[in-house]
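Okay, so here's the structure we're looking at.
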Protein chains: 2
Amino acid sequence: MLINELSKRTGISAHTIRFYEKSGLLKGKLDENVKTNKYSHYDEESVERLELVRDAKSIGFTIREISQLMDAWYNNKMTVDEKLKVLDDKLVSITDKIKQLKEMKKMIDQFKKTVKDDAC
Amino acid sequence: MLINELSKRTGISAHTIRFYEKSGLLKGKLDENVKTNKYSHYDEESVERLELVRDAKSIGFTIREISQLMDAWYNNKMTVDEKLKVLDDKLVSITDKIKQLKEMKKMIDQFKKTVKDDAC
DNA sequence: TGCAACATTAGAGTATAGTCTATACTTGCA
DNA sequence: TGCAAGTATAGACTATACTCTAATGTTGCA
């Protein structure tokens, strides 16, 4: 599929997809049979990758971090142990973040109590 | 205390504190008794505020969002109900984020299994 | 009194993550 | 064949959140 279709399927603008491509998060391929243009073609993996980007971004991963996750997932140059290490590192940082968020919830609950008490 | 002491106590650079001050996250006061300079003086609330900024930032709140929290906490111009609304909104967004992070953990666990299976 | 250390301000520079514009080329359909 | 719609590329622009520099002024101590 061409970039416009990829954009429609993922809801991510063509501009942004090109930006992600420059950042190494996905890669289109030229169709060797077509000699008249240099249009990039994308496959289902590109759709998957963009969906992963959106999920990872929404919870605060940077493009660089997402790129590492992508490498662990798709790059065959990494050994199994290297891939597992990248994934374990992400698990640790996610677990940390969840812990911090829970602390923040407690703080806000405490705030709420104080606000209510002030009202009385 | 002057900015250097505030910086030392919080571990946040004087530059960054001034940036936060411009962003409305805290405010120093001039000492009326001192006529020879315009040095800003900070109190314990400033220390508290900077600690809250650091906590909130570490879990992904923007300065604008932190500013809203600060208002709910310190601003007496807001009604109790308005304050509670800001705090409840933050609780919802934190809960959402925790949910997403847990989903991401599941995904990564799944990734790990597949990586291990590929190795066999 | 000299001078190092500290304070202030304006403004420039950096990094991240887009977002948009301009220009030019290609495709497909009426 | 004309032309709207799609594609590619470079580069400018935006927002967020700092980070640093330069110039200037103030303080406190030897």
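The values are calculated or read from the model by the stated rules, or taken from the named source; none is laboratory data. None of these values were measured; they are calculated from a predicted model. Neighbour counts are summed over all protein chains in view; Cβ atoms, including those assigned to glycine, are modelled from backbone coordinates with ideal geometry. Remember, those area values only see protein heavy atoms, side chains included, never the ligands or the DNA or RNA. Shrake-Rupley method; radii C 1.70, N 1.55, O 1.52, S 1.80 Å.
In this label model, A:E65 and B:D88 are separated by 3.1 nm, measuring between points 7 Å along each Cα→Cβ vector. Residue and distance for the chain B Cβ closest to the axis that moves B onto A, in whole Å, come to B:G60, 2.
When A and B come together, around 3300 square angstrom of accessible surface is lost from both chains combined, probe 1.4 Å. Label points for A:S23 are taken 7 Å from Cα along Cα→Cβ. From this copy to the others they lie 2.0 nm apart, shortest first. Computed with a 1.4 Å probe over protein heavy atoms only, the accessible surface of chain A comes to 65 Å² per residue. Projecting the Cα positions of B:N37, B:Y74, A:I66 onto the charge dipole of the protein assembly as shown (unit charges on Cβ atoms of Lys, Arg, Asp and Glu, taken about the Cα centre) puts B:N37 furthest along the positive direction. Cα-Cα pairs above 23 Å in the protein assembly as shown: how many percent? Of the Cα pairs, 64 percent sit more than 23 Å apart.
Shown for the protein assembly as shown: the carbon plus sulfur share of the solvent-accessible area, taken with all protein chains present and a 1.4 angstrom probe, equals 50%. Label chain B by shape, choosing from rounded, prolate and oblate, from the square roots a ≥ b ≥ c of the eigenvalues of the Cα gyration tensor; if a/c is under 1.5 it is rounded, and otherwise prolate applies when a/b is larger than b/c, oblate when it is not. Judged from the Cα gyration tensor, chain B comes out oblate (a/c at least 1.5, b/c at or above a/b).
Calculated on the alpha-carbon coordinates, the convex hull of the range B:78-120 measures out at 29 cubic angstrom per residue. Label-point distances for B:D71 to the equivalent site in the other copies, using a point 7 angstrom along Cα→C-beta, read 4.3 nm when ranked shortest first. In this assembly of identical copies, the label point of B:K38 (Cα plus 7 Å along Cα-to-Cβ) is separated from its counterparts by 5.5 nm, sorted shortest first.
Of the GluC sites (Glu not before Pro) found in the range A:18-120, those that fall in a DSSP loop while having at most 13 other beta-carbon atoms within 10 Å are A:E32. The helix-based estimate of mean residue ellipticity at 222 nm for the protein assembly as shown, built from -39,500 (n - 2.57) per DSSP H run of four or more residues and divided by its residue count, is -23500 deg cm²/dmol to the nearest 500.
Taking the Cα centre of the range A:1-59 as reference, the dipole from Cβ charges on Lys and Arg (+1) and Asp and Glu (-1) amounts to some 320 debye. Under the simplified labelling scheme, the A:T79-B:V34 pair shows an inter-label distance of 6.0 nm, with each label point 7 Å from Cα along Cα→Cβ.
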